[in-house]
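The values are calculated or read from the model by the stated rules, or taken from the named source; none is laboratory data. Quantities reported herein were computed from a predicted structural model and do not represent experimental measurements. Note: ideal-geometry Cβ built from the backbone for every residue, glycine included; neighbour counts use all protein chains shown.
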Amino acid sequence: MVRDDLSGETVESFEVDEGLNVGEFLDEQGIERQEVLVSRDGKIISETAELEEEDEINVFDVIAGG
């Protein structure tokens, strides 16, 4: 997982259980689902997308304001 947040970019590796989806993974990592976008292979994926063994995902903080 590559995490790109306001303080910089971090790279971490995790083993995930078969059938784990993005939303469950974010919950396990303590990452608020509504505060991030997740991409795989350059495409945004939903929180219901299942993760596979060799997936590399990017987690981007969403910034909103007016």
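Here are some conditions: (1) at pLDDT below 85; (2) exposed (fewer than 12 other Cβ atoms within 10 Å of the Cβ). G42 meets all but one. Which one does it not meet?
With respect to (1) at pLDDT below 85; (2) exposed (fewer than 12 other Cβ atoms within 10 Å of the Cβ), G42 is out only on (1).
Is it fair to say V59 is modelled with pLDDT of 90 or more and of a type in the set (V, I, T)?
yes
With (1) surrounded by 15 or more Cβ atoms within 10 Å (Cβ to Cβ); (2) in contact with a Phe, Trp or Tyr (Cβ under 7 Å, 6 or more places away or on another chain); (3) not small (G, A, S) as the list, and L37 as the residue in question, which single condition is left unmet?
For L37, the failing item is (1).
Residue check: is E56 surrounded by fewer than 12 Cβ atoms within 10 Å (Cβ to Cβ) and touching a residue at least 12 places away in the same chain (Cβ under 8 Å)?
yes
Among the numbered criteria (1) exposed (fewer than 14 other Cβ atoms within 10 Å of the Cβ); (2) at pLDDT below 95; (3) not hydrophobic (A, V, I, L, M, F, W, C), which single criterion is violated by D4?
Looking at each condition in turn, D4 falls short on (1).
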